[in-house]
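Reading through the structure tokens given below for one structure.
The values are calculated or read from the model by the stated rules, or taken from the named source; none is laboratory data. Not measured: the values here are computed from a predicted model. Counting neighbours? That spans all protein chains shown, and the Cβs are built from the backbone with ideal geometry, glycine included. Just the protein is used for accessible areas: all its heavy atoms, side chains included, with ligands, DNA and RNA removed. Shrake-Rupley method; radii C 1.70, N 1.55, O 1.52, S 1.80 Å.
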Amino acid sequence: MRVLGIETSCDETGVAIYDDEQGLLSHLVYSQVAIHARYGGVVPELASRDHVRKTLPLIRQLLDEVGLQPRSIDGVAFTAGPGLIGALLVGAALGRSLAWAWGVPAIGVHHMEGHLLAPLIEEPALAFPFVALLVSGGHTQLVDVAGVGRYRILGESLDDAAGEAFDKTAKILDLPYPGGPELARLAERGDPRRFRFPRPMTDRPGLDFSFSGLKTYALNSVRQELPRAEDPVQTRADIARAFEEAVVDTLVIKCRRALRETGHRRLILAGGVSANRRLRAAMDAAIAAEGAETHYPRPALCTDNGAMIAYAGWQRLRAGQSELLAFKPVARWPLEELPPLA
Ligand code: KG4
Ligand code: ZN
């Protein structure tokens, strides 16, 4: 079975074809960064309009690259939420229409389920159950995963998501949008001993997160330290490093706790922030010391992409699920509401 996946929930247009015999055939991502950069964040209306322009040509290019005709596609998966409603509508309307024209079933995929299952795309032997840490721009969630669609939220962010905290702190440090990877690059040059930020909510039991205080901490550090800094570039790098260390440490502490509480031996990380190199290195070391395993998608499949939508869609289509022609996407959609596979 071959499934076309379409991702348009935010500022990336992603398309891919997943084949259950040959794996991921190809995936293409078009980023709208250049459009939103001057505004310092995603402008929803501009995002929707650009998806309208880019999605169909990108699907054509994808089919050309893999040398397939539409008649070789057995199903279409599109992101149905959560996300920007206008952006979601573009992918959903296009995906549902293509499936209708091609006479194949269509499925609306939960964006975070896409992230959550992404490690399985290239590591199909990865077995359930496991703990998943989902760290994206909109979500930070620890999930107990018993199987596809069998999710229990163990903890989540009470305020900013981890990626959002990266992006906001990057702005405070005058870094261009999108801030997360830029901040990580600046932190490489930072001295981890110069400043120490708190590890929020780690001194009490529980698996919830709170990252908005770190952004305030960064803002106060910038205001206090930069005016009297001898080397402002170095000081900014040191603040970036202290912030990154605090986020990474906090995520590591909570993941270790989640593994102990569930008794699971496998941890998967997914979502844009899981592309962070320091997070991966620290998590690998800490989780190995617990006698457990860590698994990640490759970095290009951590950030938004069509491959994860094609894969999650394939899991549901092959179980017989599909959407009616009148399907509507939704901006808000709790992960725990997803049905398990039959
Ligand atoms: O999963 P994703 O691509 O989109 C959402 O579903 O939100 O995640 C994007 C988030 C952004 O906040 C971005 O700054 C962050 O992931 N991000 C990173 C890195 N790469 C992307 N944060 C820290 N370090 C990175 N290397
Ligand atoms: Zn995402």
Going Cα to Cα from K215, which lysines come in below 22 Å? Please leave out same-chain ones fewer than 8 positions away. K168, K171, K254
Accessible area per residue for segment 125-296 in Å², computed with a 1.4 Å probe and the full protein assembly in place, what is it? 43 Å²
Sort 309-318, 119-128, 179-188 by packing, meaning the average of other beta carbons within 10 Å per residue, with the highest value first. 309-318, 179-188, 119-128
Counting pairs of alpha carbon atoms under 8 Å apart in space and at least six apart in sequence, what relative contact order in percent does segment 1-92 give? 40 percent
Could you give the distance between the Cα centres of segment 56-74 and segment 15-39, to the whole Å? 13 Å
So how much slack lies between E156 and D174, counting 0.36 nm per residue of separation and subtracting their Cα-Cα distance, in nm? 3.7 nm
What residue among L84, L226, L173 has the largest mean-square fluctuation in a Gaussian network model of the chain, using Cα springs under 10 Å? L226
With DSSP loop assignment and no more than 11 other C-beta atoms within 10 Å, the GluC sites (Glu not before Pro) in segment 229-296 are E230
What is the spread of the Cα atoms of the chain along each of their three principal axes, largest first, in whole Å? 66, 47, 31
Expressed in nanometres to one decimal, the distance between label points 7 Å along Cα→Cβ at E122 and A288 is 1.9 nm
Would you compute, from DSSP H runs of 4+ residues alone, the mean residue ellipticity of the chain at 222 nm, taking -39500 (n - 2.57) per run and dividing by the full residue count, rounded to the nearest 500? -13500 deg cm²/dmol
Need one number: % antiparallel among DSSP beta bridges in the chain, to the nearest 5. 60 percent
Lys and Arg at +1, Asp and Glu at -1: add these up for the other residues within a Cβ distance under 12 Å of S322 and post the number. +1
Under 27 Å Cα-Cα from K328, which lysines qualify once same-chain neighbours fewer than 8 residues away are excluded? K54
Provide the packing ranking of 272-279, 197-204, i.e. peptides ordered by the mean count of other C-beta atoms within 10 Å per residue, highest first. 272-279, 197-204
On the accessible surface of the chain, probed at 1.4 Å with all protein chains in place, carbon and sulfur together account for a percent value of 51 percent
What residues of segment 154-192 lie in the reach of a label at R223, counting those whose backbone N is under 16 Å from a point 7 Å from the Cα along Cα→Cβ? 169, 172-174
Under Stokes-Einstein, segment 125-296 at 4 °C and 1.567 mPa s, with its Kirkwood radius over C-alpha pairs, diffuses with a coefficient in µm²/s of 79 µm²/s
Roughly how many Å² of Y217 are accessible to a 1.4 Å probe, to the nearest 10? 100 Å²
Per-selection Kirkwood Rh - segment 226-342 (Cα, Å, 1 d.p.): 17.7 Å
